[in-house]
Amino acid sequence: MTLALRVPEELSARVPAEQRDPGLDRSSVRLLVSRGTEVAHHRFPELPDILRAGDLLVVNTSPTLAAAVDGTTGDARVVVHFSTQGDDGRWAVEMRDPDGRGTTRPRAGVRAGSVVSLPGCVHLVWEEPVTAGSERLWWVRATGDVAAVLRRHGRPIRYVYTERDQPLSAYQTVFALSYADGAGSAEMPSAARPFTDRIVAELVSRGVQFAPITLHTGVASAESHEPPYEERFEVPEASARLINAAKAGDGRVIAVGTTAVRAVESAVGADGVVRAAGGMTGLVVTPERGVRVVDGLLTGLHEPEASHLLMLEAVAGGAAVSRTYEEALRHRYLWHEFGDVHLILPEEMPHTERC
């Protein structure tokens, strides 16, 4: 869906919450809670009061990579955004031009055979577009250790609405793990950013459970709103059991981020049972496909043209999403990865007394 609204530039969160006021921490964001078309306004630390014992939060453990690296092609300076590594060892990447403000803009004229030199004597050779008809992401062959280049010379991908570069730690969530092969996400699974150790501990003490999954996100540029590309995911056996148990009982399965929805919905069978699964997923959750597992979703606020809104519509319905976004604008919520968050919960069913 595309919403008929415009997000004013001043509602872009330019820095993390803890930098907007020295007395705040990363949980100091607003929480918009919607149940159908009913909307309520909260602060994120109130989340333990909103959820209930038996609820299950599905969280993404993927760490954020320093996925932007400076390079050269011929005499030109470029920036390479690393997105996803394929099964054949190639990388899906985007070549961009520096814009003189510390951010980048799309680069035109990329073609097969292009070569980019990176620090550490690593060279990338452009082979073919990731998607037919799109010149944005390309599969490239790398000579050398890309993971080492990212660790030593990379920085987090930054978009034009942010004020300045941030340390990689600003893009890590409390759930992020370190993977031996250096795998991770090109962009932060940002819905989980407001969680702190204290909030997690309070949720656990109140009977809310957590099911970890992994989905390594690729790039999702603010200039283009394509559907997500294939991404690597894993739903472990233990998490599949927790999800199935919640579905069989009175618990609600609430995905923390659209990445968690994509992973879990990629692991559900035609019988509605979630099983351990992993690999690459190209699933795009739309209203037509619907959701088979998740009951609710904690997510950021997305641009009106973003493909993520199709997933929100699949979870909540079009009328509910439109109503929520109108309220977010009216109350001047902040957008993007350092902004406020939106919790979609199922509508409360009227209580009927049993005889």
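The values are calculated or read from the model by the stated rules, or taken from the named source; none is laboratory data. Small disclaimer: the values here were computed from a predicted structure and weren't measured. With ideal geometry, Cβ positions are generated from the backbone for all residues, glycine too; neighbour counts draw on all protein chains shown.
Does residue 333 satisfy the criteria of being within 13 Å of residue 29 (Cα to Cα), over 16 Å from the mean Cα position of the chain (by Cα) and either assigned by TED's automatic domain parsing to the domain that holds residue 58 or among the aliphatic types (A, V, I, L, M) (or both)? Working first, answer last.
Working: within 13 Å of residue 29 (Cα to Cα): yes; over 16 Å from the mean Cα position of the chain (by Cα): yes; either assigned by TED's automatic domain parsing to the domain that holds residue 58 or among the aliphatic types (A, V, I, L, M) (or both): yes.
For residue 333, the condition - within 13 Å of residue 29 (Cα to Cα), over 16 Å from the mean Cα position of the chain (by Cα) and either assigned by TED's automatic domain parsing to the domain that holds residue 58 or among the aliphatic types (A, V, I, L, M) (or both) - is met.
Within the stretch 269-303, how many residues turn out to be in a loop (DSSP other than H, G, I, E, B), in contact (Cβ under 8 Å) with a residue 40 or more places away in the chain and of a type in the set (A, V, I, L, M)?
5
Given the structure, is residue 79 in contact with a strand residue (DSSP E or B) (Cβ under 9 Å, 6 or more places away or on another chain), in a strand (DSSP E or B) and surrounded by fewer than 21 Cβ atoms within 10 Å (Cβ to Cβ)?
Working: in contact with a strand residue (DSSP E or B) (Cβ under 9 Å, 6 or more places away or on another chain): yes; in a strand (DSSP E or B): yes; surrounded by fewer than 21 Cβ atoms within 10 Å (Cβ to Cβ): no.
So residue 79 fails the test.
For residues that are surrounded by 15 or more Cβ atoms within 10 Å (Cβ to Cβ), part of a strand (DSSP E or B) and among the polar types (S, T, N, Q), tally how many sit in the stretch 19-75.
4
Quick check on residue 163: is it in contact with a Lys or Arg (Cβ under 9 Å, 6 or more places away or on another chain), free of Cβ contacts under 8 Å to residues at least 40 places away in the same chain and in a loop (DSSP other than H, G, I, E, B)? Show your work before the answer.
Working: in contact with a Lys or Arg (Cβ under 9 Å, 6 or more places away or on another chain): yes; free of Cβ contacts under 8 Å to residues at least 40 places away in the same chain: no; in a loop (DSSP other than H, G, I, E, B): yes.
It is false that residue 163 is in contact with a Lys or Arg (Cβ under 9 Å, 6 or more places away or on another chain), free of Cβ contacts under 8 Å to residues at least 40 places away in the same chain and in a loop (DSSP other than H, G, I, E, B).
Would it be correct to say that residue 207 is under 26 Å from residue 117 (Cα atoms) and outside the structural domain of residue 94 (by TED's automatic domain parsing)? Let's see the steps before the verdict.
Working: under 26 Å from residue 117 (Cα atoms): no; outside the structural domain of residue 94 (by TED's automatic domain parsing): yes.
For residue 207, the condition - under 26 Å from residue 117 (Cα atoms) and outside the structural domain of residue 94 (by TED's automatic domain parsing) - is not met.
When you check residue 299 against the structure, is it among the hydroxyl-bearing types (Ser, Thr, Tyr) and buried (at least 18 other Cβ atoms within 10 Å of the Cβ), yes or no? Working first, answer last.
Working: among the hydroxyl-bearing types (Ser, Thr, Tyr): yes; buried (at least 18 other Cβ atoms within 10 Å of the Cβ): yes.
Here the answer is yes, as residue 299 does meet what is asked.
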